[in-house]
1. Would you say D115 is touching a residue at least 24 places away in the same chain (Cβ under 8 Å), touching a Ser or Thr at 6+ places or on another chain (Cβ under 8 Å) and under 23 Å from I208 (Cβ atoms)?
2. Taking the criterion of being out of contact with any Gly (no Cβ under 9 Å at 6 or more places or on another chain), at positive phi and not polar (S, T, N, Q), would at least one residue in segment 185-193 satisfy it?
3. Determine whether V80 is outside any loop (DSSP other than H, G, I, E, B), in contact with a Pro (Cβ under 9 Å, 6 or more places away or on another chain) and either open to solvent by 50 Å² or more (accessible area, probe 1.4 Å) or more than 18 Å from A140 (Cβ to Cβ) (or both).
4. Suppose we keep only residues that are out of contact with any Lys or Arg (no Cβ under 9 Å at 6 or more places or on another chain) and open to solvent by less than 40 Å² (accessible area, probe 1.4 Å) within segment 83-110. Which one would you say is nearest to F121 (Cα to Cα)?
5. Mind checking whether some residue in segment 134-157 is open to solvent by less than 10 Å² (accessible area, probe 1.4 Å), touching a residue at least 60 places away in the same chain (Cβ under 8 Å) and touching a helix residue (DSSP H, G or I) at 6+ places or on another chain (Cβ under 8 Å)?
6. List the residue pairs whose Cβ atoms are under 6 Å apart, where the first residue sits in segment 43-54 and is open to solvent by 50 Å² or more (accessible area, probe 1.4 Å), the second is modelled with pLDDT under 95, and the two are 6 or more positions apart or on different chains.
7. Considering only segment 58-77, state which residues are in a loop (DSSP other than H, G, I, E, B) and either crowded, with 18+ Cβ neighbours inside 10 Å or within 19 Å of the chain's Cα centre (by Cα) (or both).
Amino acid sequence: MFTPNQTPNRLRRNILATAIGMPMLQFTATALAQNQRRATPAQSEGPFYPVNLPQDSDFDLLRNGALAYTSGQPAWVEGVVSDLQGKPLRGAQVEIWQCDESGHYKHPRAGNGADPAFQGFGRVTVGDDGQYRFRTIRPARYSGRTPHIHVKVKLGGRELLTTQLYVKDDPGNTRDFLWRSLGDDSARAALSVAFTPSGDGLRAIFPIVVAV
């Protein structure tokens with residue numbers, strides 16, 4: 001605020017400083033808004049999260065102990081876990097679980113049809129770069145659901161996100177009640193990932209953004 005006691009020179013300096021400062025404040029606000037990312041949409045956990053975590057629960061779902069799983073389409077699912085400002089979330093745990101190629105989960109409520117060679121659940125802890133990677137299969141459909149992989153992110157004992165990853169352009173998506181419940185195209189796009197051919201099967205890139 002300018003006062004009647006200010007000299008003309010001082011008044012001009014204050015006006016100039018204000019004129020320069022306002023664009024700078026606007027630029028800073030714009031930059032912060034651009035850096036603020038949208039959090040990955042959350043979805044329900046579903047009924048088949050493991051009651052007891054399997055003894056073998058590493059990144060490779062195609063090997064369960066000494067058994068090797070050979071059904072389905074092998075795929076890498078990978079990405080970076082970051083916060084809303086794009087900073088990698090060091091120390092975060094990423095968990096995935098899914099049904100085998102025949103549509104069976106390793107869970108008491110899913111019956112006894114699960115293939116023992118398919119690990120069904122995996123967990124990794126990300127490092128400084130926030131990267132995670134799983135070896136699994138392109139998700140399979142089962143009665144009433146489109147193909148999907150369940151994903152959970154934890155940090156220091158807190159659950160930051162539970163969601164589901166879908167196959168981009170799968171014909172079952174539009175009939176799936178949970179995919180439709182996402183509501184808008186941007187939310188669906190955030191959870192719908194292309195499984196593209198790579199040197200050793202398929203590859204899906206799924207970036208995860210969480211509010212800490």
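1. Values: touching a residue at least 24 places away in the same chain (Cβ under 8 Å): yes; touching a Ser or Thr at 6+ places or on another chain (Cβ under 8 Å): yes; under 23 Å from I208 (Cβ atoms): no.
So D115 does not fit the description; no.
2. no
3. Numbers: outside any loop (DSSP other than H, G, I, E, B): yes; in contact with a Pro (Cβ under 9 Å, 6 or more places away or on another chain): yes; either open to solvent by 50 Å² or more (accessible area, probe 1.4 Å) or more than 18 Å from A140 (Cβ to Cβ) (or both): yes.
When the stated conditions are applied, V80 passes them.
4. Among them, the one singled out is Q98.
5. Taking every residue of segment 134-157 in turn, none turns out to be open to solvent by less than 10 Å² (accessible area, probe 1.4 Å), touching a residue at least 60 places away in the same chain (Cβ under 8 Å) and touching a helix residue (DSSP H, G or I) at 6+ places or on another chain (Cβ under 8 Å).
6. P47/R109
7. Taking segment 58-77 and keeping what is in a loop (DSSP other than H, G, I, E, B), we get 58-59, 61-62, 65-66, 69-73.
Answer for segment 58-77, where residues must be in a loop (DSSP other than H, G, I, E, B) and either crowded, with 18+ Cβ neighbours inside 10 Å or within 19 Å of the chain's Cα centre (by Cα) (or both): D58, F59, L61, L62, Y69, G72.
Condition check ((1) touching a strand residue (DSSP E or B) at 6+ places or on another chain (Cβ under 9 Å); (2) closer than 19 Å to K154 by Cβ; (3) at pLDDT 90 or above) across all residues:
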{"residue": "M24", "(1), (2), (3)": "no, no, no"}
{"residue": "N35", "(1), (2), (3)": "no, no, no"}
{"residue": "P54", "(1), (2), (3)": "yes, yes, no"}
{"residue": "P74", "(1), (2), (3)": "yes, no, yes"}
{"residue": "E78", "(1), (2), (3)": "yes, yes, yes"}
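The values are calculated or read from the model by the stated rules, or taken from the named source; none is laboratory data. Predicted model only: the values in this text are computed from it and were never measured. Because the Cβ atoms are built from the backbone with ideal geometry, glycine has one as well, and the counts that use them run over all protein chains shown. With ligands, DNA and RNA removed, areas are computed over all heavy atoms of the protein, side chains included. Shrake-Rupley method; radii C 1.70, N 1.55, O 1.52, S 1.80 Å.
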